[in-house]
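Structure first, commentary second.
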Amino acid sequence: MTSPTRGGPLEDQEVVGEAANMEKAMTVGVEGGRGTWRHAVFHVATTIATPAAYAPLPFAVASLGWPLGVCSLVIGTLVTWCSSLAVASLWQWNGEKHTSYRLLAKSIFGPWGYWYVSFFQQVASVGNNIAIQIAAGSSLKAVYRNYYTSDEGAMTLQQFILLFGAFELFLSQLPNIHSLRWVNGICTASTIGFAGTSIGLTIYDGYRVDRKEVQYSLQGSTATKIFRALNAMGTIAFSFGDAMLPEIQSTVREPVRANMYKGVSAAYTIIVMSYWTLAFSGYWAFGSEVQPYILSSLTAPRWAIVMANLFAVIQITGCFQPTFAHFEELLQVKNMSCKSCLWRLMYTSMYMAVITLISAAMPFFGDFVSVCGAVGFTPLDFVLPALAFLKARKPPENLGLRCAVKEIGYSIAVLFSIVGVLACIGAIRSITLDVKTYRFFHDM
């Protein structure tokens with residue numbers, strides 16, 4: 001797409017208008033969605049609750065300490081749940097159905113809203129895909145190393161990342177998000193399996209170790225503590241990232257809004273029960289020594305660790321759907337013509353090649369999680385929904401209630417904008433340190 005910084009305001013409006021019209025034309029076929037609220041649960045839960053989102057939460061809490069860590073996780077949960085309901089309520093706010101986040105933002109804020117969402121969606125998508133690619137490769141390697149213990153001739157992390165990238169390239173050829181409903185059903189079950197197994201293992205390991213040796217104090221110098229805390233904020237933001245709610249909502253049948261409310265709330269019930277339990281049990285079990293990828297901290301039993309890693313890999317297979325949806329819009333794959341399929345194969349092949357290359361070259365899981373949460377998901381899931389709700393929804397008639405709603409909305413937008421900037425600083429510092437410590441294509 002043409003950059004919005006080129007040309008004057010009239011030219012920008014024409015460019016955005018042309019892009020939006022093309023997007024509307026591409027989504028005509030989804031006005032009559034077929035999915036139930038249960039399908040919405042599958043899509044929302046699978047998009048948010050990935051192993052890449054679960055796994056670093058105990059480390060994030062450990063970086064903040066018990067009081068601040070618990071408060072940050074609870075606040076992040078409540079704000080993103082309310083933000084998701086707010087976005088769902090705006091799907092048809094002006095009488096027109098908005099089948100993508102970009103079109104919704106354009107209808108509320110004008111051209112700048114369209115470009116704002118487009119940019120941050122791509123940042124979030126790229127960062128998220130790199131992080132989950134690393135997580136999938138790490139889990140596959142953990143399963144492999146459980147059965148092949150010799151270092152001679154052993155497969156590396158990069159090879160597993162490559163294998164997983166090839167499988168995702170196959171899934172990217174399915175025609176639309178609704179075609180992935182069976183994948184998402186399996187992935188949602190795997191989400192519960194991963195969370196349950198990981199929680200059980202952390203509690204089991206927690207009782208096996210000498211509790212007197214577990215320390216909960218923040219580690220490192222004052223500067224290290226501060227930057228780790230900033231990094232943790234980006235990690236928590238990443239864990240609740242969902243930059244495509246309107247796209248999911250467009251696949252849901254009537255009554256769309258009620259089904260989406262039910263689907264979002266049910267998905268968050270699963271997320272809250274598993275997120276909080278794993279985050280707190282992981283920190284309780286391992287204390288300040290907990291690893292950024294919680295499965296790396298587990299020690300026994302081996303068969304259960306293998307099971308947890310397999311659940312992780314299965315669940316991650318459904319996490320590329322935002323990218324698939326974007327290519328679907330660009331290439332109008334609903335026509336299912338031979339030419340469209342070839343273009344889709346070419347673009348998805350190039351994209352997966354780049355993602356796989358970056359993941360293999362810099363397998364710094366925690367760093368990509370934090371920077372993606374700070375730069376990608378914080379603007380989309382914390383800041384924009386509050387501003388959009390204030391601008392588009394009719395304010396309460398009661399003057400006191402109206403002032404309270406405005407103050408809360410603007411406070412959330414300002415506070416999380418600051419949090420996003422600070423978390424980005426912490427993530428950049430962490431990446432800089434890792435680049436100095438490890439060489440490219442390091443077998444972690």
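The values are calculated or read from the model by the stated rules, or taken from the named source; none is laboratory data. Remember, predicted model here, so these are calculated numbers, not experimental data. No Cβ is skipped: glycine too gets one built from the backbone with ideal geometry, and neighbour counts run over all protein chains shown. We work out accessible area using only protein heavy atoms, side chains counted, and drop any ligands, DNA or RNA first. Shrake-Rupley method; radii C 1.70, N 1.55, O 1.52, S 1.80 Å.
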At pLDDT 90 or above, out of contact with any strand residue (DSSP E or B) (no Cβ under 6 Å at 6 or more places or on another chain) and either under 28 Å from PRO246 (Cβ atoms) or surrounded by fewer than 22 Cβ atoms within 10 Å (Cβ to Cβ) (or both) - does that describe any residue in the range 121-130?
no
Listed by range, helices (runs of 4 or more DSSP H) wholly within the range 255-344 having at least 1 residues that are of a type in the set (Asp, Glu), out of contact with any helix residue (DSSP H, G or I) (no Cβ under 6 Å at 6 or more places or on another chain) and modelled with pLDDT under 90 are 321-331
| request: Assess whether THR378 counts as being surrounded by 14 or more Cβ atoms within 10 Å (Cβ to Cβ), of a type in the set (S, T, N, Q) and in a helix (DSSP H, G or I). | output: yes
Restricted to the range 381-393 and to residues being touching a Gly at 6+ places or on another chain (Cβ under 9 Å) and surrounded by fewer than 21 Cβ atoms within 10 Å (Cβ to Cβ), the residue farthest from SER138 (Cα to Cα) is LEU390
Of the residues in the range 100-115 that are part of a helix (DSSP H, G or I) and among the hydroxyl-bearing types (Ser, Thr, Tyr), the one that is farthest from LEU90 (Cα to Cα) is TYR114
- Report yes if ASN231 is in a helix (DSSP H, G or I), touching a residue at least 12 places away in the same chain (Cβ under 8 Å) and over 30 Å from ILE425 (Cα atoms), otherwise no. no
### Query
If we scan the range 110-119, do we find a residue that is within 24 Å of VAL256 (Cβ to Cβ), in contact with a His (Cβ under 9 Å, 6 or more places away or on another chain), buried (at least 24 other Cβ atoms within 10 Å of the Cβ) and not hydrophobic (A, V, I, L, M, F, W, C)?
no
Scanning the range 279-299 for residues that are hydroxyl-bearing (Ser, Thr, Tyr) and open to solvent by 10 Å² or more (accessible area, probe 1.4 Å), the one farthest from VAL209 (Cα to Cα) turns out to be TYR293
Over the range 170-207, the set of residues open to solvent by 20 Å² or more (accessible area, probe 1.4 Å), modelled with pLDDT under 90 and more than 30 Å from THR99 (Cβ to Cβ) is GLY196
Flagged in the range 72-107 as farther than 15 Å from GLN249 by Cβ, crowded, with 18+ Cβ neighbours inside 10 Å and of a type outside the set (D, E, K, R), in numbering order, are SER72, LEU73, GLY76, THR77, VAL79, THR80, TRP81
Scanning the range 345-366 residue by residue, those buried (at least 19 other Cβ atoms within 10 Å of the Cβ), over 14 Å from the mean Cα position of the chain (by Cα) and assigned to a helix (DSSP H, G or I) turn out to be THR348, TYR351, MET352, ILE355, THR356, SER359, ALA360
By residue number, the members of the range 210-226 that are open to solvent by 60 Å² or more (accessible area, probe 1.4 Å) and either within 22 Å of LEU415 (Cα to Cα) or of a type in the set (Val, Ile, Thr) (or both) are THR222, LYS225, ILE226
Listed by first then second residue, the pairs whose first member lies in the range 86-113 and is of a type in the set (A, V, I, L, M), whose partner is surrounded by fewer than 17 Cβ atoms within 10 Å (Cβ to Cβ), with beta carbons under 6 Å and at least 6 positions apart or on separate chains, are LEU90/ALA392; ILE108/LYS391; ILE108/ALA392
Can you spot a residue in the range 146-169 that is under 21 Å from SER296 (Cα atoms), modelled with pLDDT under 90, surrounded by fewer than 22 Cβ atoms within 10 Å (Cβ to Cβ) and among the small types (Gly, Ala, Ser)? yes
- What about GLU397, is it farther than 30 Å from ASP443 by Cβ, open to solvent by 60 Å² or more (accessible area, probe 1.4 Å) and not in a helix (DSSP H, G or I)? yes
Residue pairs qualifying under the 8 Å Cβ cut-off, at least six apart or on distinct chains, with the first in the range 393-415 being within 23 Å of ASP381 (Cβ to Cβ) and the second being at pLDDT below 85 and open to solvent by less than 60 Å² (accessible area, probe 1.4 Å), are VAL405/PRO396
Here the residues within the range 131-145 that are modelled with pLDDT of 90 or more and basic (Lys, Arg) are LYS141
State whether the residues of the range 266-278 include one that is β-branched (Val, Ile, Thr), open to solvent by less than 30 Å² (accessible area, probe 1.4 Å) and within 18 Å of TYR204 (Cβ to Cβ).
no
Of the residues in the range 411-444 that are assigned to a helix (DSSP H, G or I), open to solvent by 70 Å² or more (accessible area, probe 1.4 Å) and among the charged types (D, E, K, R), the one that is modelled with the lowest pLDDT is LYS436
Of the residues in the range 41-64, those that are closer than 17 Å to GLY287 by Cβ and open to solvent by 10 Å² or more (accessible area, probe 1.4 Å) number 2
Scanning the range 227-257 for residues that are open to solvent by 50 Å² or more (accessible area, probe 1.4 Å) and more than 17 Å from the chain's Cα centre (by Cα), the one nearest to PHE320 (Cα to Cα) turns out to be ARG253
